[in-house]
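Trainee: The structure's right below; bear with me while I get my questions together.
The values are calculated or read from the model by the stated rules, or taken from the named source; none is laboratory data. Predicted model only: the values in this text are computed from it and were never measured. Positions of Cβ are generated from backbone atoms using ideal geometry, with glycine treated the same way; all protein chains shown enter the neighbour counts. Please note that ligands, DNA and RNA were not included when accessible areas were found on the heavy atoms of the full protein model with its side chains. Shrake-Rupley method; radii C 1.70, N 1.55, O 1.52, S 1.80 Å.
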Amino acid sequence: MSQSCIFCKIVAGEIPSKKIYEDELVYAFHDINPQRQVHILVIPKHHLTSLQDATTSDEPTLGRILSVANQLATEAGSPGGFRVIINNGDIGCQEVPHLHAHIVGGDQPVGPMLKRLD
Ligand code: 5GP
Ligand code: ZN
């Protein structure tokens, strides 16, 4: 655990969250500022800053994040599909430096993948 990491503190129960799911590898909770009707964050329980720092030893956790996504999205109200977004580092516009997959959806299409830069 990183002492200064807000998502590590959420996993440890030191900061409250609306928990959806937890197993030995990952923790899932509702985003505090949802961008769509369904907006879930799935994170490794151990501190991992981003995919920039991932190694082969993280593969079980990274696989679990994706393999639980459909169940979590369906149960949260997005049975017709969803989008998974992982922002990494400064160029990826990552704000919280503990890896997290956004699962976004609902009963409306989530929209274009990226807004074109002019
Ligand atoms: P990023 O831009 O790093 O990919 O996304 C960070 C996400 O974490 C944002 O969607 C933001 O709303 C969410 N977030 C930041 N702090 C908290 C928090 O304390 N609790 C919860 N539930 N979500 C948070
Ligand atoms: Zn952390």
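Trainee: Considering each residue of the range 82-105, count those that are within 16 Å of the chain's Cα centre (by Cα) and either surrounded by fewer than 12 Cβ atoms within 10 Å (Cβ to Cβ) or in a loop (DSSP other than H, G, I, E, B) (or both), and give that number. Step through it out loud before you land on a result.
Mentor: In the first step, residues of the range 82-105 are kept if they are within 16 Å of the chain's Cα centre (by Cα); the result is 82-89, 92-105.
Now restrict to residues that are either surrounded by fewer than 12 Cβ atoms within 10 Å (Cβ to Cβ) or in a loop (DSSP other than H, G, I, E, B) (or both): 82, 86-89, 92-100.
Number of matching residues: 14.
Trainee: Among the residues of the range 44-74, which ones are open to solvent by 40 Å² or more (accessible area, probe 1.4 Å) and within 17 Å of residue 95 (Cα to Cα)? Let's see the steps before the verdict.
Mentor: Taking the range 44-74 as the starting set, the residues that turn out to be open to solvent by 40 Å² or more (accessible area, probe 1.4 Å) are 45-47, 49, 51-53, 55-57, 59-60, 62, 64, 66-67, 70-71, 74.
Across the range 44-74, the qualifying residues are 47, 49, 51, 52, 53.
Trainee: Is it true that residue 20 is within 21 Å of residue 114 (Cα to Cα) and free of Cβ contacts under 8 Å to residues at least 60 places away in the same chain?
Mentor: Values: within 21 Å of residue 114 (Cα to Cα): no; free of Cβ contacts under 8 Å to residues at least 60 places away in the same chain: yes.
Answer is no for this residue.
Trainee: Now, a different point. Need pairs with beta-carbon distance below 6 Å; first residue on the phi < 0 side of the Ramachandran plot and within the range 62-91, second of a type in the set (Ser, Thr, Tyr); sequence gap 6+ or separate chains.
Mentor: 72/21; 88/50
Trainee: Pick out, from the range 1-63, the strands (runs of 3 or more DSSP E) lying fully within it that include 3 or more residues that are in contact with a helix residue (DSSP H, G or I) (Cβ under 7 Å, 6 or more places away or on another chain). First the steps, then the outcome.
Mentor: On the way: elements: 19-22, 26-30, 38-44.
Strands (runs of 3 or more DSSP E) meeting the threshold: 26-30, 38-44.
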